[in-house]
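Participant: One structure follows; several queries about it will come next.
The values are calculated or read from the model by the stated rules, or taken from the named source; none is laboratory data. Keep in mind that what you see is a predicted model, and the values were worked out from it rather than measured. Neighbour counts are summed over all protein chains in view; Cβ atoms, including those assigned to glycine, are modelled from backbone coordinates with ideal geometry.
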Amino acid sequence: MSTIRDIASLAGVSPSTVSRVLNGDPSLSVLEETRRKILSAAEQLQYKVTQRRHTNQAAQLKDYKIGLVTFCSEQFESEDPYYLTIRLQIEKEFNLLGLHITRTIRWVNHDSYESLSGLDGLIVIGKFEFDPYNLYFSRIHNIVFVDYSPDEDRFDSVVVDFDKVTRMALDHLTGLGYTKIGLISSRDFINRFGSNSGIDSVDQRQSSFESYMKQKNLYLPEHVHIGNNFSMSTGYQLMKEVIDKQDLPEAFLIGSDPMAIAAGRALKEAGLKVPKDIAMVGIDDIEMASYANPPLTTVKIYTEQMGQSAVKMLLERIGGREVPLKIVIPSKLIIRSSCGAEVRSIGNAEG
């Protein structure tokens, strides 16, 4: 009969990690790739998972009503999988516990605060401003924000350090010798819950880009192009406008992978080649990025881990934790062909 140690050896992880994954421990944060390795190893070894702990957790939480708020419409999620992946992972984590989300609230419908009535916990995906004195909102004591931290002294949050992400990408481009670098990205928008209004602001990627390039004395405002969202259609249109101006930089940092992939299509239609004529680095590392032509260099955002962490934090809150926590998910540069790394490194060596 196979044991947890056998699974740990096959999956290359510790026995304690195997035990917690197989028992659906909600307090464990583990990469989805690691979780898949453990489950695959358990299946190969025909290991039978005990359901006792899983059942006990579900029994303790089955009467709690959990709401999920997202600003995305289903159509927008299909265009930009960033928030879609987070939402699906949150739903998956609840399913693993034998639980379900009571109510999914999409901001696009401009639901009123009454849609929050009766909820014991809330996970908010995206940037939202809530009225703290609203009767329905103030009654919910277990709230986790994902991709936004409106008040770290009151609410749990899971965020990405987009300043670090931006600087990581620009360090790579400048390290390859590029000096004339542009930005294609989006504005930021904080939605006011319960209405169709919000607050416009400068996105972190844009402000960090400007700060970094000014520090290097390389900032050229004419090469900064900002749209209304991070979708493929916006990336395509902005790159078309850049091409029409006939003043291309050497490289572009692009605010999301969907934008970058669509921008690459606009360049191809204009007879321009990536990275020969212009190099590109995206942000996200969506699945499509590795299949783009050429494959897209990007900064990986661990969206699945964001969803896992959000569920873990909510369950901790429901379990009695009172001190609010803020988790900053790390990121990683994924080097592929679109940045011209091999070409530039060869050229530098010869020069």
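Participant: Limited to the range 277-294, what total is found for residues that are over 25 Å from Lys92 (Cα atoms), charged (D, E, K, R) and modelled with pLDDT under 95?
Facilitator: Of the residues in the range 277-294, 0 are over 25 Å from Lys92 (Cα atoms), charged (D, E, K, R) and modelled with pLDDT under 95.
Participant: Moving on. Tell me, please, whether a residue that is of a type outside the set (Val, Ile, Thr) and in contact with a Ser or Thr (Cβ under 6 Å, 6 or more places away or on another chain) can be found in the range 269-280.
Facilitator: So far as the range 269-280 goes, yes, one or more of its residues are of a type outside the set (Val, Ile, Thr) and in contact with a Ser or Thr (Cβ under 6 Å, 6 or more places away or on another chain).
Participant: Specify which of the listed residues (Phe209, Phe193) is surrounded by 20 or more Cβ atoms within 10 Å (Cβ to Cβ), among the hydrophobic types (A, V, I, L, M, F, W, C) and farther than 25 Å from Arg336 by Cα.
Facilitator: Phe193
Participant: Select the helices (runs of 4 or more DSSP H) contained entirely in the range 70-139, then report the ones holding at least 2 residues which are out of contact with any Asp or Glu (no Cβ under 9 Å at 6 or more places or on another chain).
Facilitator: Filter on the range 70-139 gives 74-79, 81-96.
Participant: Only residues that are closer than 15 Å to Leu315 by Cβ and surrounded by fewer than 21 Cβ atoms within 10 Å (Cβ to Cβ): list them for the range 63-79, please.
Facilitator: Selection gives Asp63, Tyr64, Lys65.
Participant: Tell me, please, whether a residue that is touching a helix residue (DSSP H, G or I) at 6+ places or on another chain (Cβ under 6 Å), farther than 24 Å from Lys62 by Cβ and either crowded, with 20+ Cβ neighbours inside 10 Å or not assigned by TED's automatic domain parsing to the domain that holds Leu218 (or both) can be found in the range 140-155.
Facilitator: Within the range 140-155 (the criterion being touching a helix residue (DSSP H, G or I) at 6+ places or on another chain (Cβ under 6 Å), farther than 24 Å from Lys62 by Cβ and either crowded, with 20+ Cβ neighbours inside 10 Å or not assigned by TED's automatic domain parsing to the domain that holds Leu218 (or both)), the answer is no, since none of the residues qualifies.
Participant: Return yes when Leu183 is among the aliphatic types (A, V, I, L, M), more than 17 Å from the chain's Cα centre (by Cα) and in a strand (DSSP E or B) and no when it is not.
Facilitator: yes
Participant: Which one of these does Leu218 not meet: (1) assigned to a loop (DSSP other than H, G, I, E, B); (2) closer than 20 Å to Val274 by Cα; (3) aliphatic (A, V, I, L, M); (4) touching a Ser or Thr at 6+ places or on another chain (Cβ under 9 Å)?
Facilitator: (2)
Participant: Name the single residue, out of those in the range 327-351 being surrounded by fewer than 17 Cβ atoms within 10 Å (Cβ to Cβ) and assigned to a loop (DSSP other than H, G, I, E, B), that is modelled with the lowest pLDDT.
Facilitator: Of everything passing the filter in the range 327-351, Gly351 is modelled with the lowest pLDDT.
Participant: On to the next question. Of all the residues that make up the range 272-293, how many are crowded, with 17+ Cβ neighbours inside 10 Å, assigned to a loop (DSSP other than H, G, I, E, B) and not charged (D, E, K, R)?
Facilitator: Adding up the residues that qualify gives 5.
Participant: Let me ask something else. Provide a single number: the residues in the range 295-326 that are surrounded by fewer than 19 Cβ atoms within 10 Å (Cβ to Cβ), touching a helix residue (DSSP H, G or I) at 6+ places or on another chain (Cβ under 8 Å) and at pLDDT 95 or above.
Facilitator: Matching residues across the range 295-326 total 2.
Participant: Which count do you get for residues in the range 167-184 that are surrounded by 15 or more Cβ atoms within 10 Å (Cβ to Cβ) and either over 23 Å from Met306 (Cβ atoms) or touching a strand residue (DSSP E or B) at 6+ places or on another chain (Cβ under 7 Å) (or both)?
Facilitator: 12
Participant: Could you tell me which numbered condition Tyr82 fails, if it satisfies all but one of (1) surrounded by fewer than 16 Cβ atoms within 10 Å (Cβ to Cβ); (2) in contact (Cβ under 8 Å) with a residue 40 or more places away in the chain; (3) of a type outside the set (Val, Ile, Thr)?
Facilitator: Condition (1) is where Tyr82 drops out.
Participant: I've got another one for you. Leu135: free of Cβ contacts under 8 Å to residues at least 60 places away in the same chain and surrounded by 19 or more Cβ atoms within 10 Å (Cβ to Cβ), yes or no?
Facilitator: Considered against the rule, which asks whether it is free of Cβ contacts under 8 Å to residues at least 60 places away in the same chain and surrounded by 19 or more Cβ atoms within 10 Å (Cβ to Cβ), Leu135 comes out as no.
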